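To start, the structure under review is shown below, and the notes come after it.
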């Protein structure tokens, strides 16, 4: 006969009380932790460049993602435990996840860890991840905690329209990064899921000013509108062409727009004057696998030609990763003042994806390795989007049991 946990009643009272819906994050964390019978808990949110974990209290210090146990929990999306920095107890670091999106970590301090306290810590992390996700769209305190410098207006315009950095389900994960984080002008990305399809797009509007950002936002909005209407890929791209030619006839952008069938692994894409995506298979870079003659950029130039948009297809294998990028990546320079180029870029990709690490972490390390050779300064916007198709293994054929003689 099971006995109800005495903390369950306190948690139910907390969740049932409508007053908790208006609490700030720090107060909500403290009250939820108390309701769960935990001694102390602190939320750390990752900054926009994924280099620091910023605590939601003035007492705790900011922690580096690359050189701390908290950062290890963030990077690996797994529990990590250490002796409490204040002494006399244990700190457990739980990843804060909104689906596939990494929000930060939760620190839970206890005198000792038990199976019950670990279970309660995971429950608190899940609860707070939902609170953060629901509130960060309208509470500026979250934005302020995740920025380390002032953002320029074109970047503010674009980031208001961008989706979460990482999305995914049991079949696929898609993740993206943009740099320079506070000064992007015309680069943008989009990804979304339905029950059967992953939709992705990477765009690069010409220029590096507010007009460039406006071009990308119109293209993103037109792309989403067509996608949500149920248009197929050629019709979707045509809708973006018409939107740009109608509203911004003197502007255009390059792009790759793609759709992945989550059941069959068939990838279909249209390349509108953009660098070709790269296929990563078995930790090897197949640079030419998606190389095709590009169509004209999105916008008025495409409407002035009689050539219809071409849709390309490729059958992916389980575990394949596809990397889409803007030309600011390969146009970055090494410390020797040489262009990074596709060959050196390929080396970074192989190094970042080696070791079987998660796709979001591979991309985070990749963009940081490129930035570190630039001393944090890029000549142009650099956007990376990578998705990995990882369908569940198919069940083998059933073998009938032999009949016993009887």
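Just so it is clear, none of the values below were taken in a lab; they were calculated from the coordinates. These figures come from a predicted structure and were not determined experimentally. Reconstructed Cβ throughout: ideal geometry from the backbone, glycine too, with neighbour counts over all protein chains shown.
Quote the FRET efficiency, to the nearest 0.05, computed for residue 225 versus residue 112 with a Förster distance R0 of 45 Å and r equal to the Cβ-Cβ distance.
On the way: r = 55 Å, r/R0 = 1.21.
E between residue 225 and residue 112, to the nearest 0.05, is 0.25.
Result for the chain in a Gaussian network model with C-alpha springs under 10 Å: among 345, 94, 387, the largest mean-square fluctuation is at 345. Reported value for the range 7-144: 105 Å³ per residue, from the convex hull of its C-alpha atoms.
Have a look at 314, 323, 262 and tell me which one the Gaussian network model of the chain (Cα, springs below 10 Å) gives the largest fluctuation. Looking only at 314, 323, 262, the biggest GNM fluctuation is shown by 314.
Which value at 222 nm does the chain reach when only helices count, each DSSP H run of 4 or more adding -39,500 (n - 2.57), with the total divided by all residues and rounded to the nearest 500 deg cm²/dmol?
After summing the helix terms and dividing by the residues of the chain, the value is -10000 deg cm²/dmol.
A viscosity of 1.002 mPa s and a temperature of 20 °C, combined with the Kirkwood radius over C-alpha pairs in the Stokes-Einstein formula, give the chain a diffusion coefficient of 93 µm²/s. Each label was represented as a point 7 Å from its Cα along the Cα-to-Cβ direction; for residue 304 and residue 13 these points are 7.2 nm apart. Spin-label model, residue 31 to residue 60: label points 7 Å out along the Cα-to-beta-carbon direction sit 2.0 nm apart. The ranking of 218, 143, 59 by Cβ neighbour count inside 10 Å, starting from the fewest, reads 59, 143, 218. The simple spin-label model puts a point 7 Å past each Cα toward its Cβ; for residue 123 and residue 22 those points are separated by 2.7 nm. Against the chain, whose longest principal axis comes from its Cα atoms, helix 115-135 is set at around 40 degrees.
Cut-off is 10 Å between beta-carbons; in what order do 106, 161 appear when sorted fewest neighbours first?
On the way: 106 26, 161 15.
Ascending number of Cβ neighbours within 10 Å: 161, 106.
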